[in-house]
Amino acid sequence: MAEDTRELANIIEASILAAEEPLTVATIMSLFPDDAAPSREEVEAALQALDTACVGRGIELKRIGKGYRFQSREKYSPWLRKLNEGRPPRYSRALMETLAIVAYRQPVTRGDIEEIRGVTVSSDIMRVLLNRGWVKEVGHRDVPGHPALFGTTRGFLEYFNLRGLSELPPLIERREQSEIASELNLSLPLDPVQDTDGADDGTGTVTAPAEPGDATPVTAEVIPLEPRTETATDPNIDRKTP
């Protein structure tokens, strides 16, 4: 590595370590005087050199959104977890469902979220997401009332260690019933379950199953029952004779 390139990589390394959030290439370039600013290609080459230098070490250069940061490798988390043995934050299922809807369907309104979840979105949930910096207003829908549109933030990517929304886990796709039935070795439409106690052949006759050893089925005529005639219990109402 040339001396100038090594020095540029050192400056970038120190800047990333000192920054409180991931640094973009544009931000790194802005750290230098205008007459001595490196080109984008030079910064990206220095970042690649830093990434290569981390191979085999406990840290890595991770791209988060459009920025870069140094972080410990995930495989060392069992040891690092003991450094922070405090109780981890716990979030309700409703909050995580709301966050997932925003992440996968953004931009969305509160009405969109309520339509998907089938329940009202609590104001407390939206306040927590906004205060955590995971969600923000990104605009307003051009409909009566102009409801706010919500989307995820850079802080959301940083917290969940995502390079971009494309790294979100894939959703389970909707599948056709025929495909599911094929995997279960079923045929559609499913064959109806036949009543073994006897079946009406549509002519008003029920055929009962034959007794063991008897090859002759027993048939019986079905006699329809007349509906019961309601009788009046109020003495002021005339009784009707059927």
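Throughout, read-outs are computed from the coordinates displayed, never taken from laboratory work. What you see is a predicted model; the values in this text were computed from it and never measured. Methodologically, a virtual Cβ is constructed for each residue, glycine included, from the backbone with ideal geometry; neighbour enumeration extends over all protein chains shown.
For the reader, a short list of remarks on this structure follows.
- Cleavage-rule hits (GluC sites (Glu not before Pro)) in segment 6-75: DSSP loop, at most 10 neighbouring Cβ within 10 angstrom: Glu20
- Computed over segment 1-120, relative contact order equals 20 percent, with contacts defined as Cα pairs under 8 Å that lie 6+ residues apart.
- Relative contact order of segment 66-148: 23 percent, from C-alpha pairs under 8 Å at least 6 residues apart in sequence.
- Pairs of Cα atoms in segment 27-133 fall into 10 Å distance bins, from 0 up to the last occupied one, in shares of 11, 25, 23, 26, 14, 1 percent.
- FRET efficiency estimate (nearest 0.05) - Cβ-Cβ, Asp4 to Arg117, R0 51 angstrom: 0.35
- Centroid-to-centroid separation of segment 29-46 and segment 126-158 [C-alpha atoms, Å]: 33 Å
- Cut-off under 5 Å, modelled amide H: who pairs with Thr24 long-range: Tyr68
- Top positive-direction residue, dipole computed over segment 71-176 with Cβ charges, set Leu130, Leu157, Ala100: Leu157
- Entry note, segment 53-101: relative contact order of 21 percent, from Cα contacts under 8 Å with a spacing of 6+ residues.
- Segment Ala45-Glu74, extension gain: residue separation times 0.36 nm, minus the distance between their alpha carbons: 8.0 nm
- Put a dot 7 Å past the Cα of Ser92, heading toward its Cβ, do the same for Ser166, and the two dots end up 3.6 nm apart.
- For Arg141 and Ser30, the difference between the fully extended length at 0.36 nm per residue and the C-alpha to C-alpha distance is 36.4 nm.
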